[in-house]
Number of protein chains: 2
Amino acid sequence: MKAEALKGHLDGLLLAIVDGGSTHGYGVISALHDRSDGAFDLPEGTVYPALHRLERAGLLESSWSTAAGRRRRVYAITAAGRAALHDRRADWRSFTTAVDAVLGGVA
Amino acid sequence: MKAEALKGHLDGLLLAIVDGGSTHGYGVISALHDRSDGAFDLPEGTVYPALHRLERAGLLESSWSTAAGRRRRVYAITAAGRAALHDRRADWRSFTTAVDAVLGGVA
DNA sequence: CCTTCATGCCTAGCAATGCTAGGCATAGTG
DNA sequence: CACTATGCCTAGCATTGCTAGGCATGAAGG
């Protein structure tokens, strides 16, 4: 799968993961991996900045916690985040409909 | 629909359009518009450079023709382009499967 | 004839985003 | 004290679609 395919869709995926249960960065990465059956295996350099963007946008909020003596940043979704997730799901549906119409279209 | 959503998927759409019948740039734009039921309304500055990329990659080839006294660059898909289109369709299917698994997943 | 407008193509530069590569701090082990 | 593993973070890059504007040809108006 080409790397650029993910562009613009990652935010929705992250919101969906965090909405399904608060986790820290590594947890998000492995949840993505598991839920997608291995299709998504994203590096930290992709996920961390994206989480920060979402927090800066007010869609997630984070707090530090200590587990096994290590600092972990744990994310939770906000009300605005849930609304955004709802929009993202709708966007995704219309996007796939449009792409399917063109790709599958006449062939 | 957010602009970035399209990133990485445009090439496949263009290949599919040209595969469905050779056209010039404007023709591609309106075909995208029509087939997607208005969802895709892409500016020239998006489509022309993308067509050039695909031609440089050997997936499309173009020739000049004159219609109604105006120069038109008409695109046709190559064998490599058809193979790439096939791959893109497969990529699209696995991508949607993975995203659906995460987005629709547990909710 | 000269000016104005429409068609159709093209490109420079920008902004957004995911990735590569590398760094920081703490805890446990020899 | 050195060394490794866990977990977080960031700088800089490459790609890509978009905005804004330009070029050439042909048709319409004074």
Taking the condition more than 12 Å from DNA strand D (Cβ to nearest atom), at the interface with another protein chain (Cβ under 8 Å from one of its Cβ atoms) and touching a Ser or Thr at 6+ places or on another chain (Cβ under 6 Å), does residue B:101 pass?
yes
Output the number of residues of segment A:16-40 satisfying the condition of being away from chain B (no Cβ under 11 Å), farther than 18 Å from residue A:85 by Cβ and outside any helix (DSSP H, G or I).
1
Residues (more than 12 Å from DNA strand D (Cβ to nearest atom) and either surrounded by fewer than 21 Cβ atoms within 10 Å (Cβ to Cβ) or on the phi > 0 side of the Ramachandran plot (or both)) located in segment A:12-23
A:19, A:20, A:21
In segment A:53-72, what residues are more than 16 Å from the chain's Cα centre (by Cα) and among the basic types (Lys, Arg)?
A:70, A:71, A:72
Cβ-Cβ distance below 8 Å, separation of 6 or more or different chains: which pairs start in segment A:35-62 with a residue that is closer than 12 Å to residue A:10 by Cβ and end on one that is surrounded by fewer than 16 Cβ atoms within 10 Å (Cβ to Cβ) and of a type in the set (Phe, Trp, Tyr)?
none
For segment A:79-99, which positions are surrounded by fewer than 15 Cβ atoms within 10 Å (Cβ to Cβ) and of a type in the set (D, E, K, R)?
A:82, A:87, A:93
Can you spot a residue in segment A:72-94 that is in contact with a helix residue (DSSP H, G or I) (Cβ under 6 Å, 6 or more places away or on another chain), part of a helix (DSSP H, G or I), closer than 24 Å to residue B:7 by Cβ and within 13 Å of DNA strand D (Cβ to nearest atom)?
no
May I ask you to list the residues in segment A:24-66 that are surrounded by fewer than 18 Cβ atoms within 10 Å (Cβ to Cβ) and polar (S, T, N, Q)?
A:30, A:46, A:63, A:65, A:66
Considering residues that are within 8 Å of DNA strand C (Cβ to nearest atom) and surrounded by 13 or more Cβ atoms within 10 Å (Cβ to Cβ), the number found within segment B:67-78 is 3
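All of the numbers you see were taken from the coordinates with simple rules; none came from a lab. Every value quoted in this text rests on a predicted model; they were computed, and no experiment measured them. As a convention, Cβ positions derive from the backbone with ideal geometry for all residues, glycine included, and neighbour counts pool all protein chains shown.
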